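So the structure is just underneath, and the comments pick up after that.
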Amino acid sequence: METEIKSSSFFKTIDQKADRALELLLLFYFIFGIFLGFFYETWLVAFGVGALNIILYYGIKFLLPQSKAYQYVGSLVVGVFMAQFIYQMHGLFEMHFTAFIAIIILMAYQNLKIFIPVVLFIVVHHSIFAYIQYIGFTEGVASYQSIYFTQMDYMDFQTFLFHAGLVVVAAVIAGNHSIEARKNSVRLFNKIVETEKDFENTQKNIEFAREIANDNYEVDYQLDENDPLGTALVNMQKNLKTSSLREKREKFLNLGLSKLSDIIRNNNSNLSLLMNETLTFIIKYMKLNQGGIFIVNDDDKNDIFLELEARYAYGRKKQANLKIHAGEGLVGQCYLEKDVIYLTEIPDSYIRIRSGLGDANPRTIVIVPIQRDGQMEGVMELASFSALEEYKIDFLKEACESIAVALNTTKVNDRTKILYEESQRQAEEMRTQEEEMRHNMEEMEATQEELARKNKEIEKQSAESKSLLTGLQSLMAVIEFTPEGRILDANKNFLQAMGYDLQSVQGKHHKIFVSPEYEQTEEYQNFWKEIGNGEAKKGTFERYSSKGKLVKLNAIYTPIADNSGVVQKVIKLATVLEQ
């Protein structure tokens, strides 16, 4: 739109200059007509036709100011002036040069169509009057004798063609020149517009570069795709903005972690003080509004939970819930998933941030696991009225890793301190017990003598038991099972009775000795469950050898349990009744 306005103004200026040239020519022709009147006494033609020409031109220009009709009227008028001069000079052909002068002036409009009125007028005018003269219509006419079209008796067709052809050729040459002039004007206009645009772009680029130099990377810039310098400046702005943001975030991260390290180093002797100082620093450094730190309490391995160790601006309702188990609420879920939870839609009943002037829901909640190498030490919950950028959440992750290390170290120190105090107490108790031990030494010596005597008796009984067991091994079929019925070992008597070798049965289940029908019975399923629970089984049992023959055994299944009563293995002693 702006270009169209400039284009209209530019070519309007060309038309105005052409108007001035044409109007000066019309004024000159009017005065020239009066001048000719002195010599040829053609005053009526000079004033009458000349005045009508001037009135016609300026009348159309006045009545149609927004139209270019007056220009075409001006073209017609200069043709009429040429005819006027011919009449005033009694048909002098040299007056055709005034038409050529007019054609030269009309070239200033740079419009091919502007020549049409003057050429048409000359051709039509010469055609009509030449024909009238040729047919003899002017003979005996008195007015024609004083003012006439040509000094020749008549104008033949050849003469007419020469006159009209010269005018047309002149108009064609002038028209072609006008076309080229218009093209040059268009090129000049485009060059001017381009130069102005380049100048505007240069000024914009200078101002844009000045803003960038002042570290204003948020300034908006309307980029012209054909402006390489502007494109380069926009790319530079983007790169500098990215570098500035990266530097800002790195500074935020490094400075925050450095200050946090100082707090941890200065308060690592007291867990509660450390957590409160850490939480206060993070909330103020990140310009948050509320928060709490929950640490893992694993004193009872069967009841591990999170307890609120530090809080900042928590309300009474939030403080009341100090014990949270894994998966319980958002804090418990964060502990379970070991990942950050970031919320932007907060239920009204979840948390409120209060001040002396009122209370309101936070806009964001972020819950961060306090962990190191997958080892959870706690959870940090933070609330804010504003959203958190990603780099701030990254800072919280790294900060929580440092806090996890500090928590672990502080816990270890606290436990070490407790153990040291416990060891001191135990040392004192041991000193007290030493006295008692001295008094008991004599009794112990006497007891040791009694024990030595009993040990000899036990050794004797043990030797007798081993002899008995050896005898049983030689007389009876013996096999050992797991509590589930898997074969561990078997003696030679059992293997011979059942037709197996040790390698073929070891590791297999007892069911290889029973029929498939009996294996599926509820009695057999309960058989090993009861033995596994410590119940001995005895009686006559029907079993099958490796060749499928029935073997009747009189046997006892004896569960062998450890000190805690858990069955470790089952020993079966059997005698073969029938094979």
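Hey, if we sort Met441, Met380 by accessible area with the 1.4 Å probe, largest down, what's the order? Before the final figure, lay out the partial values.
Details: Met441 90, Met380 0 Å².
Correct descending sequence by accessible area is Met441, Met380.
Among the listed pairs Lys259/Lys411; Lys454/Lys537; Lys301/Lys511; Lys456/Lys537; Lys338/Lys529, which have their C-alpha atoms separated by more than 30 angstrom in this model?
Table pairs above 30 Å Cα-Cα are Lys454/Lys537; Lys301/Lys511; Lys456/Lys537; Lys338/Lys529.
Which order do the peptides 250-262, 289-301 take when ranked by the mean count of other beta-carbon atoms within 10 Å per residue, highest first? Display every interim value, and only then the final one.
Values: 250-262: 13.7, 289-301: 18.0.
Output ranking for 250-262, 289-301: 289-301, 250-262.
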Keeping every protein chain in place, order Met82, Met430, Met236 by accessible area at 1.4 Å, biggest value first, i.e. largest first. Met430, Met236, Met82
Here the relative contact order (percent) of segment 372-524, from C-alpha pairs under 8 Å and at least 6 apart, is 11
Using a 1.4 Å probe on the protein heavy atoms only, what accessible surface does Asp562 show? Give it in Å² to the nearest 10. 60
For a quick check: with amide H placed at 1.01 Å from N, whose amide H comes under 5 Å from Gln290's, ignoring anything fewer than 5 positions away on the same chain? Ala383
Would you rank Val168, Val340, Val567 by solvent-accessible area, highest first, keeping every protein chain in place and using a 1.4 Å probe? Val168, Val340, Val567
Which value, in Å² rounded to 10, gives the accessible area of Arg210 with a 1.4 Å probe and all protein chains present? 120
Taking K and R as +1 and D and E as -1, what net charge do the other residues with C-beta under 15 Å from the C-beta of Ile418 add up to? -1
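The values are calculated or read from the model by the stated rules, or taken from the named source; none is laboratory data. Since we're looking at a predicted model, the values are computed, not measured. Heads up, the Cβs are rebuilt from the backbone with ideal geometry, glycines too, and the neighbour counts pull from every protein chain shown. Only protein heavy atoms, including side chains, enter the accessible area calculation; ligands, DNA and RNA are left aside. Shrake-Rupley method; radii C 1.70, N 1.55, O 1.52, S 1.80 Å.
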